[in-house]
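Notes for the one structure printed next.
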Amino acid sequence: MKWVASELHTHTAHSDGKQTLPELARGAKKLGYDCIALTDHNTMSGLADKEAVERETGLAILPGMEWTTFYGHMVTVGLRAFVDWRQAEPDNIRAGLTEIHRHGGVAGLAHPFRIGSPACTGCYWEFEVEDWNEFDYIEVWSTTFAPIRPDNRRAYALWTDRLNAGDRIAATSGRDWHEQKATDDPLSVTYLGIEDEQAPLAEQALLALRAGRVAVTLGPLLTLEIRSGATGRTYGIGAVVPAAADEGVSASCTALVSLQFSVREGLWELPPQSYRLAIWSNKGVVAERRIEATDDATYSLDIDAGDTTWTRAELWGVVKGIYTLIAFTNAIYFA
Ligand SMILES: [Zn+2]
Ligand SMILES: [Zn+2]
């Protein structure tokens, strides 16, 4: 599995951004991203020179659009064609999701708890949701230094609640990047797990997002696999660990957590410290350990997977003097 650094929420001057697509792409390249999604508000006109910019920068650019309505913002990515957002009403977001999926796209809630009107029209999510499984993801980390922001903590808690309720839904970060302005804030990276390195990257990135092969971080790349005691096989992020006929056997699993500090070298930094690695599930924290070393390594933690419906890894530590979540994986599910 190759993990590709991605930024999934960006704007150009075709909506309210203060940058062109080439400026955005060059800026993303400098920050170590391999893939971006352009998600201008209610327009895809900024994508006209996409191929030329991809050739110039080597970056994969996913076509997208941010549905910007009075009742919420929704990021859509991977669309083969414009899908009209103007019929969106509080009780019919489902019809829009069907159209987006029919045109090859995926959709996620954008910054669902950001303060809405009058500060930011429609930024707060108010659409009625009947079936959360119809959404591909929730953008749980928005803007910069995302994990310390109260609205993002609410979004992260919403994601956890949905996982606990049995929904299979991914979680991403998005800078909501509007201009090339330097910041000292830590930047989030959404890593997408690419299965076929020979295939076009944009296509593979979309498959990864749809399958929930996603890991989000302010720095080191944190990924997870579950080795099942029942089948002896390992299952990656987004996959489902099958139930075993013998329940006693299925309960013993090993979480294999890979932590790579060597990614995007020189583009982020954390103070020397002892990190806390935790394995979460619907039962709460089921395993944890301290991490002192910053060499790339894989850690094995035994977990009791009885009555488990999902699990994820989290890395906690100090960033700019604040103890916070630094990285998290998306879920591995249990049948
Ligand atoms: Zn928005
Ligand atoms: Zn936006």
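For this structure, a couple of remarks:
- Residue selected from the stretch 151-166 under the condition open to solvent by 40 Å² or more (accessible area, probe 1.4 Å) and without any contact (Cβ under 8 Å) to a residue 24 or more places away in the chain, by the criterion nearest to residue 185 (Cα to Cα): 153
- Residue pairs meeting the criteria (Cβ under 7 Å; at least 6 apart or on separate chains; first among the aliphatic types (A, V, I, L, M), in the stretch 121-139; second not in a helix (DSSP H, G or I)): 138/108; 138/109; 138/112; 138/169; 138/171
- Residue that is nearest to residue 139 (Cα to Cα), among those in the stretch 1-21 that are among the β-branched types (Val, Ile, Thr) and away from ligand 1 (no atom under 16 Å from the Cβ): 4
- Here is the figure for the stretch 252-270: residues that are within 20 Å of residue 1 (Cα to Cα) and in a strand (DSSP E or B) total 7.
- Among (1) touching a residue at least 60 places away in the same chain (Cβ under 8 Å); (2) open to solvent by 10 Å² or more (accessible area, probe 1.4 Å) - the single one residue 211 does not satisfy: (1)
- Matching residues in the stretch 195-233 - criterion: being among the acidic types (Asp, Glu) and over 23 Å from residue 265 (Cβ atoms): 195, 196, 203, 225
- Members of the stretch 302-314 that are open to solvent by 10 Å² or more (accessible area, probe 1.4 Å) and part of a strand (DSSP E or B): 302, 303, 304
- Near pairs, Cβ below 6 angstrom, 6+ apart or cross-chain, from the stretch 244-265 (of a type in the set (A, V, I, L, M)) to any residue that is open to solvent by 20 Å² or more (accessible area, probe 1.4 Å) and modelled with pLDDT under 75: 244/250
- All strands (runs of 3 or more DSSP E) inside the stretch 66-149 with 1 or more residues being more than 14 Å from residue 39 (Cβ to Cβ) and more than 11 Å from ligand 1 (Cβ to nearest atom): 137-142
- For beta carbons closer than 8 Å, sequence separation of 6+ or different chains, a first residue in the stretch 73-100 that is outside the structural domain of residue 40 (by TED's automatic domain parsing) and a second that is part of a strand (DSSP E or B) and surrounded by 23 or more Cβ atoms within 10 Å (Cβ to Cβ), there are no qualifying pairs.
- Of the residues making up the stretch 263-281, none is over 30 Å from residue 184 (Cβ atoms) and of a type in the set (Lys, Arg).
- Filtered residue count, the stretch 269-292, keeping only those that are without any contact (Cβ under 8 Å) to a residue 12 or more places away in the chain and surrounded by 11 or more Cβ atoms within 10 Å (Cβ to Cβ): 1
- Unique residue being open to solvent by less than 60 Å² (accessible area, probe 1.4 Å) and more than 16 Å from ligand 1 (Cβ to nearest atom) when the list is 48, 28, 37: 28
- Restricting the stretch 82-118 to residues that are open to solvent by 80 Å² or more (accessible area, probe 1.4 Å) and within 16 Å of ligand 2 (Cβ to nearest atom), the residue that is nearest to residue 9 (Cα to Cα): 115
- Close contacts from the stretch 177-203, counting a first residue that is in a loop (DSSP other than H, G, I, E, B) and a second that is open to solvent by less than 30 Å² (accessible area, probe 1.4 Å) and of a type in the set (Phe, Trp, Tyr), with Cβ to Cβ under 6 Å and a gap of 6+ residues or different chains, come to 185/145; 186/145; 188/141.
The values are calculated or read from the model by the stated rules, or taken from the named source; none is laboratory data. It should be emphasised that the depicted structure is a prediction, and the values quoted were computed from it without experimental measurement. For neighbour counting, all protein chains shown are included, and Cβ atoms are generated from backbone atoms with ideal geometry for every residue, glycine included. Accessible surface is based on the protein model in full, side chains and every heavy atom, while ligands, DNA and RNA are left aside. Shrake-Rupley method; radii C 1.70, N 1.55, O 1.52, S 1.80 Å.
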